[in-house]
Structures are given as structure tokens and as C-alpha cells.
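Engineer: Next up is a structure, given as C-alpha cells.
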Amino acid sequence: MQADDEVSGLTGQLHRYWYRVNSTIMVAVGAAVALAGIGQVLATLLRAADLVTPSREPFGTSQFALLYPAVVAGTGVGYLLAVRLGRRWHGGGPRYGDLHRRRLADYRKLGWRWLAAALAVVPIGLTLASGAAWSTRLAFVVPAEMVLAVSLAELLMVAAARAPRLVVAAEPVVARRCDDLVRADVIWRLQIVQLMSVTFGCLYQSEVIGSLAGVNGVAARLLPVVGVVAALAVAVVGFCDGRLGGRVTGWSGRPMPE
């Protein structure tokens, strides 16, 4: 009976911890998206996004790609804020020494970084090859947003991996494992949004290139293919359910490494 009470108490403690972290992330994401929307409205009022031809719809459509860097920023900053607030929630609670210096590779294989970087760089090359850049520099707006989202996600994933630990249980081993799983889940979210920004960015950019260089061009046809590859990568990451092959967390469906 006592063991059951201890398990029940730990479950409730972990539930409250995850609720606080998740709530903080959701508030931060909402704030970031709201700020991005305000910025977009101001840019539209100043006609900064219509310097070429207001009637060209792709430039209006591509503005939605700005939402993904905002979601990336909100997710990462929200977790870091939750960690900072969490140390106040627990006040003078238990602490323990952790001599292991946490790295992003503990929670995610390095290959995910190079995959996202390669998928983000391809649209830049195709935009140059299509000749769309000769029409207007605005042809690089969407690729720039994709690179921003990928770079920002990488920086925030590194920050999430290195953030101070929160102790949610008296037993050090249990507390460390719980913290690792929550941290891995945040990094998993950032990885998904990072690849989604590339997916939709490729689709938007294919419209931009099509309007400037012709819909039958090779670049306009290849970009949707890159977007499909990124979408498949999103599906694979989603299937991993928070565990992306890191040294500490391993792969989904397998026992946690000791």
C-alpha cells in the first residue's frame, strides 16, 4: 500500500511538473505568434512586402512562413522560461550534483541537424538557378525565413539540452530520468517545427519562383519534391515520439540506455 502511495504521489508530481512546463511553452508560443502577426501587419501597412507587384499572390501567401520561426522561438524560449520559473516553484527543494555535461547529442542524433540544414539550403540554390533572383531580391524572403527557423531551432535545442536540471522527485535517478524525458520532448517539438518550416517554405517558394521565372521551370518543379522529403522527415520524427537517437534517450520503442 505504501509503495502504491509513493507511485501515485510521484505520478501526480510529474503531472504537475509537465503541466507547468507545457503551459509556459504554450503561453510563449502564443505570444511569439502574436508578435509575428503584429510585425506582419505593420510590414503590410508599410507595403514592405509588396515592393514589386502587389498583385502577385505568392508574395502575400509566403508571408505565412513567418509563423514557423515564431513557433520555434516560442517553444524554445518557453521551455527555458519554464526551467527558470521551475527553480522558483520548488524553492529550497532538493538539489543534487550532476557532473555530466549535457549536450544536444544526448537527446538527438547529429544527422537530424545536417538533414534540416541541407533541406534549407537547397531552395536557395534553386532560386539562384531559376533566375528569379534577377527579378527581385524578395525572391529570397522565404528561403531567408527557412534558414532563420532552422538556425533558431538549432540554437534553442542546444540551449534546451544545456538548461539547468529541475528536480521533481526525491530519488536522484528517477528525477534525472524524468527531466531527460521532458527535455527530450521539447527538443522533439523543436525538431518537428524546424522541418515543418522547411516543408511549407519549399511549397511557398515554388509559387514565388513560378510567378517570377515560370511555373514550368526545373526549380519550380523540384522545390515541391524537396518539400515532400521534408514532410516525410516530419512524419519520421513524429513516429519517434520524442526520442531521436540521443546517447541518453536513445530511439523510440527501445529501452532507455543505462
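Engineer: With label points built 7 Å along Cα→Cβ from the Cα atoms of ARG177 and THR11, find their separation and express it in nm.
Structural biologist: Label at ARG177, label at THR11, 1.6 nm between them.
Engineer: Evaluate the relative contact order of the range 128-246 (contact order divided by residue number), counting alpha-carbon pairs under 8 angstrom at least 6 apart; express in whole percent.
Structural biologist: 32
Engineer: How high is the FRET efficiency between LEU35 and ARG247 when r is their beta carbon distance and R₀ equals 35 Å, given to the nearest 0.05?
Structural biologist: So, using R0 = 35 Å, E works out to roughly 0.45.
Engineer: Apply the Karplus curve 6.51 cos²θ - 1.76 cosθ + 1.60, θ = phi - 60°, to the phi angles in the range 231-241 and return the couplings in whole Hz, x for Gly and Pro.
Structural biologist: So the J values, rounded to whole Hz, are 5, 5, 5, 4, 5, 5, 4, x, 5, 5, 6.
Engineer: Would you pull out the residues with amide H under 5 Å of GLY242's amide H, same chain only if 5 or more places away, H placed 1.01 Å from N?
Structural biologist: none
Engineer: A further question on this structure: Check which residues have an amide H placed less than 5 Å from ARG108's amide H, if you skip close sequence neighbours.
Structural biologist: The answer is GLY246, ARG247.
Engineer: Shifting gears a bit: Near the amide H of GLY250, under 5 Å away, which other amide H atoms are found, from residues 5 or more places off or on another chain, if H is placed in the peptide plane?
Structural biologist: So GLY250 has HN proximity to GLY245.
Bear in mind these aren't lab numbers, they're just calculated from the coordinates by the rules spelled out. Quick caveat: nothing in here was measured; it's all calculated off a predicted structure. Neighbour counts are summed over all protein chains in view; Cβ atoms, including those assigned to glycine, are modelled from backbone coordinates with ideal geometry.
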